[in-house]
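Encoded as structure tokens, the structure appears first; notes follow it.
Just so you know, all these numbers are worked out from the coordinates, no wet-lab data involved. Small disclaimer: the values here were computed from a predicted structure and weren't measured. Here the Cβ is made from the backbone with ideal geometry for all residues, glycine too, and neighbour counts use every protein chain on show.
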Amino acid sequence: MSEVVLRLQDVNKVFEPDTPRAVHVLHDISLELHAGELTALIGPSGSGKSTLLNLMGLLDTPSSGELWIDGQATARLDDAGRTRLRAHHIGFVFQFHHLIGAFSVLDNVLMPLMLQQGKPATAQLDYARHLLDAVGLPNIEQRSAKALSGGQQQRVAIARALVGKPALLLADEPTGNLDTQTAEEVFALFEQFNRDTGCATLIVTHDPRLSARCPRVIELLDGRIVSEPGAL
Amino acid sequence: MLARFWIERRIAWRFMVENPLQTLLISIAIAVGTAVIIFITTLMNGLQQNTINKTLGSQPHVRLEATRLYNRLPAVRDGQILQLETMRAQPLQRIDSWQALVADLDAIPQLMAVSPVVTGPALVQKGRATASVVVNGIDPQRYEKIINLPGHMVQGRFQVGSEDVLVGSELARDLGLQAGDKLRLQAGDGRTALLRVAGIFSMGVQELDTRQLYVDLKQAQTLLNLSGGITALDVKISDIFTAREWGGRLQRLTGLHVKNWMDNNSQLLNALRSQSMTTQMIRGFVGLAVGLGIASVLAVSVVQRTREVGILRAMGSTRDQILRVFLTQGAMLGAMGAVFGMAGGYGLIYLFNNFGSRLFSVSVQAEVTITALFIAIGSGILAAALPARRASRYDPAEAIRYV
Ligand SMILES: Nc1ncnc2c1ncn2[C@@H]1O[C@H](COP(=O)(O)OP(=O)(O)OP(=O)(O)O)[C@@H](O)[C@H]1O
Ligand SMILES: [Mg+2]
């Protein structure tokens, strides 16, 4: 088995604990994601997929359990520590509102790097342009991010998620908002980058045709992992 | 430092450019506040400077006079001392060996000028008209450094001597005097002198222009029977607001009776001080109003940016970076407003100088402008502080879901 990028051990998530409104969303989730793996996360609406993804991306903290990224335990890290790990190991793609409209396409792609180190180096600029080429968007780097179509925005978001060469790529319904044809093309990009860069990739999707193309599928139901056909 | 916060500045700038109306509104608010503060401060400074200049144009900063005479009373026998001294009529008192004193005072660098004066009462006669006046015997080279008489001559020349006298414009009118005319001066005990009017001055102060009369030291000493002595030393100091301290110091040093302009004009100074306080308060309230305005707009702006903050956090920006983005925005808005505000303030001052009452004109001091600039930038940052803190504490998972 290749290197473990992400490991969850008995992770639980309770929103608004100790109140009458407390909701226990995730129950004892344990799993591992490995380098080079392409995994689909499926399950009905409200089953906790986004919640799980936010935990994996260190955007949120588990109520109990432990979560390791590249071997580093994260449950007891403070915000700054989690931010640092996130910046260096994780790329995100979201369903909506992916880009920052005030910036150009190229600046959006470079944003994770610029947040880390300020002005980007020439090599990084070249890599960002290469990624824009690879997602099929050459020659629009100076356009405002607001001026793009949904499919174009999602391609930029993928380029942005990859610019920092993350070990873990998390995508929350990246194709949920796109027409079938575009969804196919965007999904193909994930397959391609997963192959080329070897980053562990986890994609939340409702589309059974897309999940069928993933070597591994994790199904969530009411906050529990019910089946892992790919791992059997 | 500058290189380190490059991306924060960039994001702040792009956010501002993306929302031009909001940026314009806040800048205008800051500009109006800055303009008002610059204008009011400059106006008040100018007014006060003007008033003080007028006051000090016709009186010495510090005057040393011969020691006062008191009636000394024996102490009451059973130990209850009620009063040791009572006031007594003051005859003309002379300061002796004043030449040495002048030399001593000349050596003190903070004293810009020292001038011996002989003053006393006299009567002027011109034909059948008489007027009571104050004769001042002066050393012209020294005295013109205390009070700018040469600059206030309206007729004749600034020249005093045993024959030459300077009179005020009001007195000249009352007695029908022109430069070159003769007049007779009568002091006590039948001492008189026949003098020629060398020049007529107008200080713009009624009391001085009707009553003051200038001759040279010798003539005054003869008239007032003070041969060789003087009655007062006028002193000009470099920092006018140290007059009180210098007064005390000179009193201890010389043992003479010392008066200073600040005590002589305490009413005026009180008025100026309360005026300054009012200005200070107006400035404070303008600043507060503008600051609150900026803060409320920025608070809304930060909420509008919630999703973007979430995305930035997901891409690895720290809380401090988010904080700095919005603080920078506040500082930029402050700086931008301050630049407009300076233009506005200078414009108001220009209008005041050219189309206002024209009673006096003011000029902007660099430090007022710089202070206003720092106040504007500071209040921009301060106003942004709370919203910025709030944005930096957004929960990234929730912020991303924010629509
Ligand atoms: N911040 C929160 N506070 C309270 N409850 C929450 C919060 N976030 C999510 N939940 C609840 O947790 C459950 C799981 O939500 P989640 O968004 O993870 O589902 P999902 O599987 O992503 O659904 P979908 O397919 O519709 O995106 C839902 O019942 C939701 O109401
Ligand atoms: Mg979801």
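Other chains near B:6-18: what is the mean number of their Cβ atoms within 10 Å of each residue's Cβ?
Counting other chains' Cβ atoms within 10 Å and averaging over B:6-18 gives 4.
Let me confirm one metric for peptide B:386-399, namely the mean number of other chain beta-carbon atoms within 10 Å of its residues' beta-carbons.
The shielding value for this peptide is 2.
Sum up the lysine pairs in chain B that clear both bars: alpha-carbon distance under 20 Å and a spacing of 8 or more or different chains.
Number of lysine pairs found: 9.
Rounded to the nearest 0.05, what FRET efficiency is calculated for B:Ala129 and B:Arg244 with R0 set to 51 Å and r the Cβ-Cβ distance?
After rounding to 0.05, the efficiency reads 0.75.
Size of the dipole of segment B:98-230 about the Cα centre, Lys and Arg at +1 and Asp and Glu at -1 on the beta carbon, nothing else charged, in debye to 20?
Charge dipole of segment B:98-230: 400 debye, to the nearest 20.
For B:Arg157, A:Arg143, A:Arg82, what's the fewest-to-most ordering of other Cβ within 10 Å of each Cβ?
If I rank by nearby Cβ atoms, fewest first, I get B:Arg157, A:Arg143, A:Arg82.
In nm, give the distance between the simple-model label positions of A:Asp222 and B:Ala100, each being 7 Å from the Cα along the Cα-to-Cβ direction.
For A:Asp222 paired with B:Ala100, the spin-label model returns 11.3 nm.
Just add up the charged neighbours of A:Gly136: K/R +1, D/E -1, any other residue whose Cβ is under 10 Å from the Cβ of A:Gly136.
Neighbour charge sum, excluding A:Gly136 itself: -1.
Within the set of other residues whose C-beta is less than 13 Å from the C-beta of B:Lys126, count the net charge using Lys and Arg as +1 and Asp and Glu as -1.
+3
I'd like the Karplus ³J(HN,Hα) series for segment A:73-89: coefficients 6.51, -1.76, 1.60, θ = phi - 60°, whole numbers in Hz, and an x wherever there's a Gly or Pro.
Once rounded to whole Hz, the list reads 5, 10, 4, 9, 6, 7, 4, 5, x, 5, 4, 5, 4, 4, 5, 9, 10.
Please list, in chain and number order, the residues 5+ apart from A:Ser227 or on another chain whose amide H is under 5 Å from its amide H, with Hs placed from the backbone.
For A:Ser227, the qualifying residues are A:Glu219.
Please list, in order, the residues from segment A:1-22 whose amide nitrogen is less than 19 Å from a point placed 7 Å along the Cα→Cβ vector of A:Ser64.
A:8-22, by backbone N distance to the label point.
Suppose we keep just the DSSP beta bridges with both residues in chain B; what percent of those would be antiparallel, to 5?
Percent antiparallel among DSSP bridges in chain B is about 80.
Would you mind giving the mean number of other chain beta-carbons within 10 Å of the Cβ of each residue in A:88-94, as a whole number?
Taking all residues of A:88-94 together, the mean is 3.
Kindly state, to the nearest 0.05, the FRET efficiency for B:Gln275 paired with B:Glu144, given R0 = 25 Å and r defined as their beta-carbon distance.
E(calc), rounded to 0.05, equals 0.20.
Give me the dipole magnitude in Debye, nearest 20, for chain A about the Cα centre, with unit charges on the beta carbon: positive for Lys and Arg, negative for Asp and Glu.
500 debye
FRET efficiency for A:His206 and A:His34, Cβ-Cβ distance as r, R0 = 25 Å, nearest 0.05?
Efficiency, rounded to the nearest 0.05: 0.55.
Mind sorting A:Met56, B:Met336 by how few other Cβ atoms lie within 10 Å of their own Cβ, fewest first?
In increasing order of surrounding Cβ atoms, one gets B:Met336, A:Met56.
Which of B:Gly161, B:Gly229, B:Gly310 ends up with the largest GNM mean-square fluctuation for chain B, with Cα atoms connected below 10 Å?
The residue with the greatest mean-square fluctuation here is B:Gly310.
Can you sort B:Thr222, B:Thr42 from fewest to most other Cβ atoms within 10 Å of each residue's own Cβ?
B:Thr222, B:Thr42
Quickly estimate the mean residue ellipticity at 222 nm for the protein assembly as shown, helices only: each DSSP H run with n ≥ 4 gives -39500 (n - 2.57), and the total goes over all residues, rounded to 500.
The helix-only estimate for the protein assembly as shown comes to -15500 deg cm²/dmol at 222 nm.
Excluding B:Phe5 itself, calculate the net charge of residues whose Cβ lies under 13 Å from the Cβ of B:Phe5, where each Lys or Arg counts +1 and each Asp or Glu counts -1.
Result for the local shell: +3.
Under the rule a/c < 1.5 gives rounded, and otherwise a/b versus b/c splits prolate from oblate, where does segment B:98-230 land using the Cα gyration tensor?
It comes out oblate by the Cα gyration axes.
Going highest first, how would you order B:271-280, B:392-401, A:198-207 by mean Cβ packing within 10 Å?
The packing order, highest mean first, is A:198-207, B:392-401, B:271-280.
If you build a Gaussian network model of chain A, linking Cα atoms that sit under 10 Å apart, which residue out of A:Phe96, A:Phe187, A:Phe15 swings the most?
A:Phe15
Calculate, in nm to one decimal, what B:Tyr402 and B:Tyr346 gain on full extension: separation in residues at 0.36 nm each, minus their alpha carbon distance.
Extra length available between B:Tyr402 and B:Tyr346 comes to 15.6 nm.
If you build a Gaussian network model of chain B, linking Cα atoms that sit under 10 Å apart, which residue out of B:Val215, B:Val165, B:Val300 swings the most?
B:Val300
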